[in-house]
1. Two decimals is fine: what's Rg over Rh for the stretch 135-183, C-alpha atoms, Kirkwood radius as Rh?
2. Under 20 Å from the 7 Å Cα→Cβ point of residue 180, by amide nitrogen: which residues of the stretch 135-171?
3. At 0.36 nm per residue, minus the direct Cα-Cα distance, what do residue 68 and residue 49 gain on full extension? Give it in nm, one decimal, please.
4. Treat the count of other C-beta atoms within 10 Å as a stand-in for reagent exposure and order 94, 105 from fewest to most.
5. Sequence gap at least 6, Cα distance under 8 Å: using those rules, report the relative contact order of the stretch 135-183 to the nearest whole percent.
């Protein structure tokens, strides 16, 4: 890990350091505890887009901007400082102690670790509830239209034969079924070798 703060390692036994280094498998309780605050979730959200280490100042400014629902340029000094201090003193040391980030307190750098990805599934927004199905209504609409069309053919309102009417019904259902299959991805071909 890059430069753990000297104050973080004070009083730790060698075994404690090893457990920090080998914390690949966090328990569900530990994961929930780490993600219980929005600021820590925002830190991980910011680091998800970072390829390398980031400056604490930049991280704190972006988290503050998200909290205030504004841009970094529109933040006040107090808004920046409040987030910076809480990240510096509390949130980043906690993530560092669990091996989720490498935090160099003295130099003001934060870097994601491979363990950061372990928390990503818990940061994804919940999936949207399914929308009411539209395709049954579309099929019902096709049935109604085709039924009215066939009634018009039978009553000699439309000057076509029953055979042509039957073909039109078949074509209508082929179009609706094809549109349904296309919209659900049934026609997608995977070109994997």
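1. 1.04
2. From the stretch 135-171, the list is 135-150, 166-171.
3. Here the segment from residue 68 to residue 49 would lengthen by 4.8 nm.
4. Starting with the residue having the fewest Cβ neighbours, the order is 94, 105.
5. 42
Values in this text are rule-based calculations from the coordinates and carry no lab data. Nothing here was measured: the structure is a model prediction, and the numbers come from that model. Quick reminder, even Gly has a Cβ in these numbers, built from the backbone with ideal geometry, and neighbours come from all protein chains shown.
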